[in-house]
Amino acid sequence: MNSEQLSPAVIVTGGAGFIGCALSPGLLERGLPVIAIDSLLEQVHPGQQRPEALPAEVELVHADVTDAAAWDALLQRVRPELVIHLAAETGTGQSLTESTRHAMSNVVGTTTMLDAFVRHDVLPKHVVLTSSRAVYGEGAWTDASGTDFNPPPRSHAQLERGEWDHQGPDGTTAVARPTDAATTRPNPASVYGSTKLTQELILRNWADAFSVPVSVLRLQNVYGPGQSPHNPYTGIVTLFHRLASRGETLDVYEDGLIGRDFVHIDDVVSALHACIERPPAVEENRTLDVGTGTVTTILDAARMIAKTYGAPEPQISGKFRDGDVRHAVADVTRTRADLGWEPRWSFEDGSADLSTWLGKGGFLG
C-alpha cells in the first residue's frame, strides 16, 4: 500500500505511562486516531493491565519499542503524522545496575522506531522527544570569584566523605546555576542520563538527514496525579507522601539541601501541547527546558509533606545515591518565549493535589 493511502495517526510511545495518559485527552481533540505503544512494564503496571487513566478512544498496542515486527505491523496500516516519543526506562539509580535494560529501551528502542519509519517510507511531520534534566549532570556552577565552570559528576569517594557541594577552581564553595539547553553543556552523571542524551543525538542526526522537524523537551522532576504508586523507582514526591501517610519518618539524603525543580504533570502536559501547536520549521531541531524555574530542597519538600499527614519531623541521614546530582533547576525563559507557555503550579499546591489523588485512590496509609 502506498504510504499516502495509509490512515494518518498520532503515535505515542510509552503512551500508557504517567505522561502519556495525561497527554492523550488533548491529543484526541486534534481529530486524528491516537495510538499508544507500550510494553506495560510490570514495575509500573501491575498485572500488565491497561491503565484506567488511558482514554478508551486511544488504541493501545501492547509491544516493546525495540520490537521491529510490532512496528512493521503498525506501519502497514497507519501513517504517523505526529510522534510523541515518551518510552524510556527512567530509574537513575537503577540504571547503574541495569545498564543494558536502559540502553535497550532508550537507545535501541529509538533506533528501531526510526528505522521502521524509513523502512515503510512514513516520515512524521513532527517528532517530539521528552528528554531529561539528567543529561546536564551537575550542570554549570559559579565560584566566589564569579568564575563559571562545569564540574564532573560527584565520585563515590567524594560522596562518602560528605563533600556534597562542588568547589570552584579557587577552592571556594560554588553556587549552581539554572540549566538552559542553549548554554549549559550536557555532562550526564548517570547511565540513565547518558542514554537520554544519546536519544537526543540519534534523533537529531536522523532528523537532519531526513528533514523531519524535531522538538526535544528536557523535563525536570515530574510529579502529580497519575504517577505510578506501585513503582519502587517512582518519583521521590509520591514516595514521601505514601511513607508520611503511614506516620513514618522520612529519610532525607545527604544534608537535605539537594535542590530540585519539581514540575507538576499539568504543566508538563501544557508544555507538550504548546510544543505541538507551535512546531519548529522544517529541518529545525529545537531543545527546550521544562520546569518551574524554582528550587525546592529535598528537606523542604519532606517537611511540607510530613506536615500534611502529621508525620514526624524528617531526619537527615547523610545517605547518598551514586549518580544523583546536587542541584537541578531549569531556566525556562526561552521555553516561555518560544511556546507561549507558563508553568502554573507551585510545589505546595501540587503536593496537595497529589495527596488528594492518592487518598481517593486508596494509596495512602
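The values are calculated or read from the model by the stated rules, or taken from the named source; none is laboratory data. Keep in mind that what you see is a predicted model, and the values were worked out from it rather than measured. Neighbour counts are summed over all protein chains in view; Cβ atoms, including those assigned to glycine, are modelled from backbone coordinates with ideal geometry.
One line per residue, one yes/no per condition, for (1) under 30 Å from ASP331 (Cα atoms); (2) small (Gly, Ala, Ser):
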{"residue": "HIS102", "(1), (2)": "yes, no"}
{"residue": "ASN106", "(1), (2)": "yes, no"}
{"residue": "GLY109", "(1), (2)": "yes, yes"}
{"residue": "ASP115", "(1), (2)": "no, no"}
{"residue": "GLY162", "(1), (2)": "yes, yes"}
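Here ALA103 meets each of (1) in contact with a Pro (Cβ under 9 Å, 6 or more places away or on another chain); (2) outside any loop (DSSP other than H, G, I, E, B); (3) of a type in the set (A, V, I, L, M) with one exception, condition (1). Does ALA16 satisfy the condition of being touching a Gly at 6+ places or on another chain (Cβ under 9 Å) and either without any contact (Cβ under 8 Å) to a residue 40 or more places away in the chain or not basic (Lys, Arg) (or both)? Here the answer is no, as ALA16 does not meet what is asked. Residues in segment 310-365 that are touching a Ser or Thr at 6+ places or on another chain (Cβ under 9 Å) and of a type in the set (Ser, Thr, Tyr): SER346, SER351, SER355.
Cβ-Cβ contacts under 7 Å between residues 6 or more apart (or on different chains), taken from a first residue in segment 23-47 that is under 19 Å from THR66 (Cα atoms) and touching a residue at least 24 places away in the same chain (Cβ under 8 Å) to a second residue that is assigned to a strand (DSSP E or B) and of a type in the set (S, T, N, Q), are listed as ILE37/THR13. Within the bounds of segment 68-84, is there any residue that is surrounded by 15 or more Cβ atoms within 10 Å (Cβ to Cβ), under 23 Å from PRO229 (Cα atoms) and modelled with pLDDT of 95 or more? No, because not a single residue in segment 68-84 is surrounded by 15 or more Cβ atoms within 10 Å (Cβ to Cβ), under 23 Å from PRO229 (Cα atoms) and modelled with pLDDT of 95 or more. With respect to LEU23, determine if the residue is under 22 Å from VAL263 (Cα atoms), assigned to a helix (DSSP H, G or I) and of a type in the set (A, V, I, L, M). Considered against the rule, which asks whether it is under 22 Å from VAL263 (Cα atoms), assigned to a helix (DSSP H, G or I) and of a type in the set (A, V, I, L, M), LEU23 comes out as yes. Looking at segment 189-303, the helices (runs of 4 or more DSSP H) lying wholly inside it that each contain 3 or more residues that are more than 28 Å from SER24 (Cβ to Cβ) sit at 191-210, 236-245. Within segment 143-166, residues that are farther than 16 Å from LEU257 by Cβ and at pLDDT below 95 have Cβ atoms under 6 Å from residues that are hydrophobic (A, V, I, L, M, F, W, C) and part of a loop (DSSP other than H, G, I, E, B) in these pairs: ASP143/ALA174; ASP148/ALA140; ASN150/ALA140; PRO153/ALA189, counting only partners at least 6 apart in sequence or on another chain.
ARG161 falls short of the stated requirement of being surrounded by 23 or more Cβ atoms within 10 Å (Cβ to Cβ) and at negative phi.
Of the residues making up segment 149-177, those that are in a strand (DSSP E or B) and either more than 27 Å from the chain's Cα centre (by Cα) or of a type in the set (Lys, Arg) (or both) are GLN167, THR173.
As an exercise: evaluate GLN43 against (1) over 27 Å from ARG278 (Cβ atoms); (2) in contact with a strand residue (DSSP E or B) (Cβ under 9 Å, 6 or more places away or on another chain); (3) surrounded by fewer than 19 Cβ atoms within 10 Å (Cβ to Cβ) and give the number of the one condition it does not meet. Just one mismatch for GLN43, condition (2). Listed conditions (1) touching a Lys or Arg at 6+ places or on another chain (Cβ under 7 Å); (2) surrounded by fewer than 21 Cβ atoms within 10 Å (Cβ to Cβ) are all met by VAL10, apart from (2).
Working only within segment 306-365, note down all residues that are in a helix (DSSP H, G or I), surrounded by 14 or more Cβ atoms within 10 Å (Cβ to Cβ), in contact with a strand residue (DSSP E or B) (Cβ under 9 Å, 6 or more places away or on another chain) and not basic (Lys, Arg). Passing the criteria: THR335, ASP338, LEU339, PHE347, GLY350, SER351, ASP353, LEU354. Can you name every residue in segment 273-303 that is closer than 19 Å to ALA207 by Cβ and not charged (D, E, K, R)? Answer for segment 273-303, where residues must be closer than 19 Å to ALA207 by Cβ and not charged (D, E, K, R): CYS275, ILE276, PRO279, PRO280, ALA281, VAL282, ASN285, THR287, LEU288. With respect to being closer than 30 Å to ASP261 by Cα and free of Cβ contacts under 8 Å to residues at least 24 places away in the same chain, THR130 falls outside the description.
For segment 49-56, state whether one or more residues are within 17 Å of VAL10 (Cβ to Cβ), in a loop (DSSP other than H, G, I, E, B) and under 23 Å from the mean Cα position of the chain (by Cα). The answer is yes, given that some residue of segment 49-56 is within 17 Å of VAL10 (Cβ to Cβ), in a loop (DSSP other than H, G, I, E, B) and under 23 Å from the mean Cα position of the chain (by Cα).
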